[in-house]
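Only the coordinates and a few stated rules stand behind these numbers; no lab work does. Just so it is clear, the model here is predicted, and its values are computed rather than measured. Reconstructed Cβ throughout: ideal geometry from the backbone, glycine too, with neighbour counts over all protein chains shown.
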């Protein structure tokens, strides 16, 4: 017997109607495919209710999909929220190792907006420091005419960034491997331009470069993010908060226990050391991150930061610092992404880029994104295990629904096992979107979309899909793919899609 926990009672008109106002709205409702609802009444005592499937189907048909979702659309009305994805490093293209933050942050922003919240998506551009200096140095010594004309700028920049790191580390075998993969490097960066002594001298100069390439790199990253439905409202640049930060530094040194390690000032915390500034007083990343967060002001109810789990220490420290200043902050940490057991590396140019996956054909990027979101964020993921089968199930069910396969007007169809399973999943929609919000994760929505699609396909094969269930499925499918950023998870060509709309 399948049984599901549902926390949607405060904004679920159907459940409230079915339970007759007897349920405690702060407690979950457990319900199953036999038509039993287990809940707690207003006194907190366990209670149970039953309903006939045919009657439930008729209630759904009368209510309509829009009315079913209406209260959710105002659930977080007047709440102001900032969602910040993992920052852009403008030295390499967007790749699958970084895509997870885009998927989590993008879906979280859309779920919040769907509930009526005023959401602003911020992206922090790391255009300050060593990485930018390295790429700026090698670009200044590159013969652009020798770079293949069809190669995207960010892909070429990623190769050059790997090269300059290999030169700096005198990794000759790695340079040979990189050159074999990209033969244009010999002409683009000849031996005379590979003066590592000059490079090391440049790294000792504290002045930041006028990195004109950053805007182009950011534009290409934003383009690739849009391929998975992620959009940015505010770009924040590290260089804009890299000025004098002495007052903030002195304030933190006075408020918290600190320690100097080889001249670097650090916050001393029970869970580790957080670097703040170098011995000469120049700021490190965490201090600029604090300054940037404080600069957003007190007008937001909550700030979300989506990060790799290796950044959890810094985010815990940031959350506590902001909390002391009356600002609410949370972070969502995700596990490592690997390819065949190996981590992605910009310094080795060991990347699978979003653009490369997208170029392989329609639906390939959506399939990868859906496979990634089906894994809980806290777990590590290896893309070699992705098979795309979930995406096939989702698109196949959509085809069946659009073609009207298995749709029947028989009143008795609602009592068939396949129809009951489909109804059960259609009514889990509000619970699933609430679960995604509660867990700060697209996983519940991705799992729900795949399970719902599988049940629709089974009901279609059994000719047990009622007209209202077909209508609800198409609306739910469109809503879920939008929330997950899978708008392109569409088996129809664009002209057919326009006619279907």
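Between the alpha-carbon centres of region 157-193 and region 267-341 there is a gap of 34 Å. Length gained on full extension, residue 145 to residue 352: 72.0 nm, using 0.36 nm per residue less the C-alpha separation.
Annotation for residue 202 and residue 67: the two label points, set 7 Å from Cα along the Cα-Cβ direction, are 6.7 nm apart. A simple spin-label model places pseudo-atoms 7 Å from Cα toward Cβ; at residue 463 and residue 179 they are separated by 7.0 nm. Working note: Debye formula, equal point scatterers on the alpha-carbon atoms of region 1-132, no solvent; log10 I(q)/I(0) at q = 0.11, 0.12, 0.15, 0.21 Å⁻¹ is -0.60, -0.67, -0.85, -1.19. Taking only the Cα atoms of region 45-122, the ratio Rg/Rh comes out at 1.23, with Rh defined as the Kirkwood radius.
Considering all different alpha carbon pairs of region 244-331, the Kirkwood hydrodynamic radius works out to 13.4 Å. Kindly express, to the nearest 10 degrees and within the range 0 to 90, the angle between helix 153-168's C-alpha long axis and the longest C-alpha principal axis of the chain. With rounding to tens, the tilt is 50 degrees.
Over the residues of the chain, the helix contribution to mean residue ellipticity at 222 nm works out to -14000 deg cm²/dmol, using -39500 (n - 2.57) for each DSSP H run of at least 4. Could you give P(r) for region 396-486, binned at 5 Å from zero, as whole percent values over all Cα-Cα pairs? Result returned by the calculation: 2, 16, 28, 24, 15, 9, 5, 1, 0.
Specify the angular offset, from 0 to 90 degrees and rounded to the nearest 10, of the alpha carbon long axis of helix 172-181 from the longest principal axis of the alpha carbons in the chain. For helix 172-181, the angle is close to 50 degrees.
Where both residues lie in the chain, what percent of DSSP beta bridges are antiparallel, nearest 5? Walk me through the numbers on the way to the answer.
Details: 26 of 49 bridges.
So the antiparallel bridges in the chain amount to around 55 percent.
In the calculated pair-distance distribution of region 136-263, the portion above 17 angstrom amounts to 70 percent of the Cα-Cα pairs.
Across region 180-245, Cα-Cα pairs more than 18 Å apart make up 66 percent of the total.
For an R0 of 51 angstrom, estimate the FRET efficiency from the Cβ-Cβ distance between residue 399 and residue 26 and round to the nearest 0.05. Spell out each step's value before the answer.
Numbers: r = 41 Å, r/R0 = 0.81.
With a Förster radius of 51 Å, E is 0.80.
Any idea what angle helix 285-295 forms with the longest principal axis of the chain, computed on alpha-carbon atoms, 0 to 90 degrees, nearest 10? Its long axis makes an angle of about 60 degrees.
Sort 479-486, 169-176, 224-231 by the packing proxy (mean of other Cβ within 10 Å over each peptide's residues), most packed first.
On the way: 479-486: 22.9, 169-176: 12.6, 224-231: 20.8.
So the order, starting with the most tightly packed, is 479-486, 224-231, 169-176.
If eta is 1.567 mPa s and T is 4 °C, what Stokes-Einstein diffusion coefficient results for region 1-51, Kirkwood Rh from Cα pairs, in µm²/s? Don't skip to the end; give the middle numbers.
Values: Rh = 10.7 Å.
The calculation lands on 121 µm²/s.
Pairs of alpha carbons in region 325-437 separated by more than 25 Å make up 47% of all such pairs. Rounded, prolate or oblate: which one fits the chain, using the alpha carbon gyration tensor with axes a ≥ b ≥ c (rounded when a/c is under 1.5, else prolate when a/b beats b/c, else oblate)? Oblate, since a/c reaches 1.5 and b/c is not below a/b. Annotation for residue 382 and residue 278: the two label points, set 7 Å from Cα along the Cα-Cβ direction, are 4.0 nm apart. Using a cut-off of under 19 Å, list every residue of region 221-254 whose amide N is near the label point 7 Å from the Cα of residue 215 along the Cα-to-beta-carbon line. Under cut-off, by backbone N: 221-224, 232-241. For region 90-206, the Kirkwood hydrodynamic radius from C-alpha pairs, put into Stokes-Einstein at 37 °C and a viscosity of 0.692 mPa s, yields a diffusion coefficient of 200 µm² per second. Each of the peptides 128-136, 193-201, 277-285 was scored by the mean count of other Cβ atoms within 10 Å over its residues; in descending order, highest first, they stand as 128-136, 277-285, 193-201.
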